[in-house]
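A short worksheet on the structure shown next.
The values are calculated or read from the model by the stated rules, or taken from the named source; none is laboratory data. These numbers were taken from a predicted model, which means no experiment stands behind them. Neighbour counts are summed over all protein chains in view; Cβ atoms, including those assigned to glycine, are modelled from backbone coordinates with ideal geometry.
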Amino acid sequence: MSGAGRIRPAIGAAFPLERAADAHRSLEGRATVGKSLLLP
């Protein structure tokens, strides 16, 4: 946590929306640590 009481999530991976299938495979294969983002 930061000093202001806010939580900072660990971003493990970011994928463009058109690679959503790759993001799902990464999650299923437990290849990422932290949060995975889909970006526009």
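Observations on the structure shown:
- All of (1) at pLDDT below 90; (2) more than 13 Å from the chain's Cα centre (by Cα) hold for Arg8 with one exception: (2).
- From the options Ser36, Ser26, residue that is in a strand (DSSP E or B), of a type in the set (S, T, N, Q) and touching a strand residue (DSSP E or B) at 6+ places or on another chain (Cβ under 7 Å): Ser36
- Residue within region 23-39 that is surrounded by 10 or more Cβ atoms within 10 Å (Cβ to Cβ) and either of a type in the set (Asp, Glu) or touching a Phe, Trp or Tyr at 6+ places or on another chain (Cβ under 6 Å) (or both) present: yes
- Residues that are touching a residue at least 24 places away in the same chain (Cβ under 8 Å) and under 11 Å from the mean Cα position of the chain (by Cα) occur in region 19-34; there is at least one.
- Residue under evaluation Ser2, criteria (1) touching a Pro at 6+ places or on another chain (Cβ under 9 Å); (2) modelled with pLDDT under 95; (3) of a type outside the set (D, E, K, R), criterion not met: (1)
- Among (1) touching a strand residue (DSSP E or B) at 6+ places or on another chain (Cβ under 6 Å); (2) assigned to a loop (DSSP other than H, G, I, E, B); (3) of a type outside the set (Phe, Trp, Tyr), the one test that Arg6 misses: (1)
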